[in-house]
1. Quick one: among 115, 176, 241, which has the greatest mean-square fluctuation in a GNM of the chain with alpha-carbon springs under 10 angstrom?
2. Run the quick spin-label model on residue 111 and residue 60: label points 7 Å from Cα toward the beta carbon, then report their separation in nm to one decimal.
3. Could you work out which residue, out of 61, 124, 174, moves most in a Gaussian network model of the chain, that is, has the largest mean-square fluctuation with Cα springs under 10 Å?
4. Over all directions, how big on average is the projection of the convex hull of the alpha-carbon atoms in the stretch 110-163, in square nanometres?
5. I'd like the FRET efficiency for residue 88 and residue 12, computed as 1/(1 + (r/R0)^6) with the beta carbon distance as r and R0 of 35 Å, rounded to 0.05.
6. Calculated from the structure, P(r) over Cα pairs in 20 Å bins from 0, in percent equals which of [x] 33, 62, 5; [y] 29, 61, 10; [z] 30, 54, 16, 1?
7. Express the C-alpha Rg of the stretch 1-135 as a ratio against the empirical globular expectation 2.2 N^0.38 Å, rounded to two decimals.
8. Which of 94, 206, 193 ends up with the largest GNM mean-square fluctuation for the chain, with Cα atoms connected below 10 Å?
């Protein structure tokens, strides 16, 4: 059965907090070939449980207070900020995981940029609700690796609780031309109607890809991290279980990629933790908020990975 590559830690790698060349090569092959990778047992499960406890407690408040919050317009999935203001939930193996950052340096380029974080919650009891096949990209993107998302799973993921659907290899074999052009109803920010893409992939392209390599739902366990090339097609799936399915997302940008505006929003009171970046070779690109500004942490949901330099959209649309 088709599945993303999974990388198991050796005893030496656990001690060194870094992959040896053979496993690093395997990880890079998996990302280049599939656009998805699973790192096994790289986060302390006690840290995972602490994050889940904090985020689960917040879910009901979010549903009561935030309008129009559903991800991709489907009432089964919400974006939810990780508990970055809670000092008891700040862990290096979550926010500065050495294995993830080692792969980011190899896949994206030396000293990648952490510029994005959010959480994703597939709500319990949402049988029959799924997202359309899409990319988290609403612009004409590069066809080389330029950004990836590391998802820290806060429970075991399986089909029953809405493990994400992934279209392996789609990152390397399709372009933004395969996405549905944006309309007045779907455009975001400064998109040009009919020229820039919406997130969703054209149905005929999806069906063509299905004949080549149909989608899978990638299972994984607490303590694992999934890495997804931003270009990889995916879709949120129904959660038929009796518990929410939550994951934390950490986004890394290639240092050569010209997005100079995307920023994290983090609490000033914990700036020292983030500035130390776990001693890892990564740049943290963030705006820090004082205690009376923490209501603005919602801005972590409002993200764009688009280049901040001007581009000729009409030319890019033809590439």
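What follows is calculated from the coordinates using simple rules that are stated; it is not laboratory data. Keep in mind the model is a prediction, meaning the values are calculated, not measured. Ideal geometry is used to build each Cβ from the backbone, glycine not excepted, and the neighbour counts take in all protein chains shown.
1. Highest fluctuation of the listed residues: 241.
2. Placing both labels 7 Å beyond Cα along the Cβ direction yields 4.7 nm.
3. Checking each option, the largest mean-square fluctuation is seen for 61.
4. 5.8
5. Given R0 = 35 Å and the Cβ-Cβ separation, E is 0.65.
6. Comparing each candidate, only [x] matches the computed number.
7. 1.22
8. Residue with maximal mean-square fluctuation among 94, 206, 193: 193.
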